[in-house]
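Right, one structure below, let's go through it.
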Amino acid sequence: MNLVDYPQPIYLPQGVTKEINVFYTDPNDRNNRINGYNMQDPVAVTDWAAYQYQTASGTNYSNDIDVTVVADYRSNYVHYYLLANSANCWLTTLKARGLGIYKYQPSETFVGITGSASSYGLQELQIDQKYQTSLNPGLREAEAILAIEREPRVKGNVVHFLANQSSKNMSAFLTLGMVTWFITKMTLLDTTTMLTYTV
């Protein structure tokens with residue numbers, strides 16, 4: 001990405017080295033300064049262009065023989081050394097390619113169910129996904145959690161296993177584990193005072 005896109009032509013008198021500092025900025029918002037790394041050496045035509053006139057017209061000097069462009073990259077700006085070798089000219093384009101380092105600016109979104117908080121109270125869960133470029137992964141996770149947890153969980157307080165009611169129950173009592181009994185069959189007896197299950 002172009003972390004530098006110099007906004008105006010720069011006049012280069014022949015044989016005189018001009019030095020300028022240019023800060024890196026966000027390509028989507030040139031008013032927002034950022035840091036940069038993995039910066040690329042400037043290439044004629046791709047990163048800079050020079051012409052006889054500031055309107056990018058006349059003789060084209062966009063080559064390393066006529067103009068020398070050297071970039072000394074720093075953490076948040078670039079120091080340019082600019083030299084016109086063969087004639088006075090205008091540097092009409094000046095860019096610097098690299099990767100941007102942005103200040104942490106958190107974005108937030110909320111997922112909820114209308115009316116659920118008034119019925120069951122507010123139960124809040126935060127998903128903190130630092131340095132992600134999109135809220136979508138966290139949003140999908142929040143929606144999945146909400147689909148599972150939208151109703152209060154039913155918890156059994158008492159489990160009765162009546163083994164002597166039949167030979168099948170007694171055989172199960174002697175050979176199977178409690179988890180297997182509970183999953184095999186559940187009958188809800190009371191929902192008003194205490195949740196009691198008979199297996």
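Label separation (ASN164 vs PHE23): 8.7 nm, computed from points 7 Å beyond Cα along the C-beta direction.
Which net charge results when you count Lys and Arg as +1 and Asp and Glu as -1 among the other residues whose beta-carbon is under 13 Å from that of ASP72? Could you put the intermediate results ahead of the total?
Values: positive: ARG74; negative: GLU19, ASP41.
Surrounding charge for ASP72 is -1.
Per-peptide packing, taken as the mean over residues of other Cβ atoms within 10 Å, places 10-21, 107-118, 60-71 in the sequence 60-71, 10-21, 107-118 from highest down.
The numbers here are math on the coordinates, done by the rules we state, and not lab data. Predicted, not measured: the structure shown is a model, and the values here were computed from it. Please note: Cβ atoms are built from the backbone with ideal geometry, for glycine as well, and neighbour counts cover all protein chains shown.
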